[in-house]
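Below: the structure, in structure tokens.
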Amino acid sequence: MDREHVTVIGLGPMGRAMAGALLKAGHPVTVWNRTPERADELVARGAVRAASPRDALAAGTLVVLSLTDYAAAYAVLDPVADALAGRDLVNLSSDTPARAREGADWARAHGARHLTGGVLSPPSGIGSAGSTTLYSGPAEVLEAHRGALAVLTGIDHLGEDSGLAALYYQLQMDVFWTSMLAYLHAVALAGAHGVSARRLLPFLGDTFTGMPEFLKFYTSRIDAGEYPGDVDRLAMGTESVRHIVHTARDSGIDPALPAAVLEIFERGMADGRAADSFTSLIETMRSART
Ligand code: NDP
């Protein structure tokens with residue numbers, strides 16, 4: 001069976017991994033990148049280097065975008081928007097849900113279809129069914145190109161709303177970055193006491209491994225809007241976080257991260273939630289919405 005032609009625009013680490021996986025699977029691939037040299041290795045492996053974004057769009061129906069963000073996508077495609085008609089844009093550039101929805105509307109206005117994707121994998125996971133990309137937007141676009149997209153990662157279609165994949169991606173990144181910064185802060189703090197990251201690994205590994213149990217325990221209570229202080233109390237959590245801030249200060253380590261956490265706990269205390277669970281802080285966060 002003939003493999004579908006794929007145009008890949010954007011050859012950062014992610015786009016290069018994607019174009020490489022498609023070539024390996026036997027797909028004809030056309031590539032374009034602002035910095036043309038980034039395509040050299042792919043061209044040596046059989047990819048066609050488009051001379052311009054217009055040529056890249058002309059090469060085939062399926063166009064995978066792997067750019068820094070949606071602003072970069074407009075920078076590349078807006079000057080050649082008249083060449084978008086009939087193209088299916090699979091936009092794997094990350095950005096906000098609002099920008100993903102705007103991008104889908106913009107594509108539609110130019111006669112193209114738009115599928116949003118959030119890749120939940122580093123470049124090393126591309127080409128593996130064990131990785132997942134979250135998609136949202138028209139299911140028929142996904143189905144039309146499922147064969148080629150399945151080469152990249154596993155597929156999870158969240159629904160027709162173009163913003164959903166971007167939203168779920170941001171939710172994952174919200175947890176990822178705040179958790180990784182907490183990890184780095186603990187390593188810095190440990191280092192100030194002569195404890196290496198390697199020595200700390202099994203302890204922090206256990207902390208992270210235990211997290212799903214906490215999530216499972218609190219999820220139904222949070223969905224029910226119930227925050228009883230039967231297991232933990234906000235007053236206790238506030239003092240616990242204060243100890244972290246003081247330990248960081250005493251150790252000469254930047255306390256900004258735990259201090260930001262403490263500030264939220266203190267707002268919850270000021271809201272009168274001392275006897276509730278720390279999960280009641282979700283109401284404090286919600287009341288801060290503007
Ligand atoms: P990079 O930022 O390294 O590369 C992005 C690409 O965007 C490059 O090809 C770059 O071109 C191009 N680009 C940026 N700005 C412009 C512009 N104004 N005009 C034209 N081209 C532009 O990103 P990655 O490859 O790492 O990732 C791509 C997307 O995938 C991002 O949205 C990222 O958030 C997402 N992602 C990345 C992961 C990762 O681990 N790397 C994991 C999951 C998702 P040039 O080469 O000329 O600079």
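The values are calculated or read from the model by the stated rules, or taken from the named source; none is laboratory data. Remember, predicted model here, so these are calculated numbers, not experimental data. Glycine also receives a Cβ, built like all others from the backbone with ideal geometry; neighbour counts cover every protein chain displayed. Just the protein is used for accessible areas: all its heavy atoms, side chains included, with ligands, DNA and RNA removed. Shrake-Rupley method; radii C 1.70, N 1.55, O 1.52, S 1.80 Å.
Numbers at a glance
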| quantity | calculated |
| --- | --- |
| Boolean, R87 is over 18 Å from G147 (Cβ atoms), more than 9 Å from the ligand (Cβ to nearest atom) and free of Cβ contacts under 8 Å to residues at least 60 places away in the same chain | no |
| Contacts under 9 angstrom Cβ, first residue in the range 35-49 being farther than 12 Å from R16 by Cα and among the hydroxyl-bearing types (S, T, Y), partner modelled with pLDDT of 95 or more and within 15 Å of the ligand (Cβ to nearest atom), 6 or more apart | T35/L11 |
| Conditions (1) closer than 15 Å to F278 by Cα; (2) surrounded by 11 or more Cβ atoms within 10 Å (Cβ to Cβ); number of the one not met by T207 | (1) |
| Some residue of the range 163-179 being touching an Asp or Glu at 6+ places or on another chain (Cβ under 8 Å) and open to solvent by less than 70 Å² (accessible area, probe 1.4 Å) | yes |
| Options V43, V80: the member that is farther than 26 Å from A150 by Cα, in contact with a Lys or Arg (Cβ under 7 Å, 6 or more places away or on another chain) and either hydrophobic (A, V, I, L, M, F, W, C) or at pLDDT below 95 (or both) | V80 |
| Condition met for R113 (basic (K, R), surrounded by 17 or more Cβ atoms within 10 Å (Cβ to Cβ) and within 30 Å of R3 (Cβ to Cβ)) | yes |
| Helices (runs of 4 or more DSSP H) wholly inside the range 6-67 that include at least 1 residues being under 22 Å from Y135 (Cβ atoms) | 13-24, 53-58 |
| Selection status of A248, within 19 Å of A182 (Cβ to Cβ), assigned by TED's automatic domain parsing to the domain that holds A186 and in contact (Cβ under 8 Å) with a residue 60 or more places away in the chain | yes |
| Qualifying residue in the range 58-69 (condition: buried (at least 18 other Cβ atoms within 10 Å of the Cβ), charged (D, E, K, R), within 9 Å of the ligand (Cβ to nearest atom) and at pLDDT 95 or above) | no |
| Extreme residue, farthest from the ligand (Cβ to nearest atom), among residues of the range 16-31 that are open to solvent by less than 60 Å² (accessible area, probe 1.4 Å) and touching a Leu at 6+ places or on another chain (Cβ under 8 Å) | L23 |
| Test: T247 is among the hydroxyl-bearing types (S, T, Y) and in contact with a helix residue (DSSP H, G or I) (Cβ under 8 Å, 6 or more places away or on another chain) | yes |
| Checklist (1) more than 21 Å from V119 (Cα to Cα); (2) in contact with a Ser or Thr (Cβ under 8 Å, 6 or more places away or on another chain) applied to H185, failing item | (2) |
| Filtered residues of the range 268-282 (kept if under 29 Å from the mean Cα position of the chain (by Cα) and open to solvent by 50 Å² or more (accessible area, probe 1.4 Å)) | F278 |
| Subset of the range 186-204 (residues that are without any contact (Cβ under 8 Å) to a residue 24 or more places away in the chain and open to solvent by less than 40 Å² (accessible area, probe 1.4 Å)) | A186, V187, A190, L200, L204 |
| Any hit, the range 43-51, residues being in contact with a helix residue (DSSP H, G or I) (Cβ under 8 Å, 6 or more places away or on another chain), open to solvent by 30 Å² or more (accessible area, probe 1.4 Å) and at positive phi | yes |
| Test: residue in the range 155-167 that is under 30 Å from P255 (Cβ atoms) and within 14 Å of the ligand (Cβ to nearest atom) | no |
| Some residue of the range 117-133 being crowded, with 22+ Cβ neighbours inside 10 Å and farther than 22 Å from T153 by Cα | no |
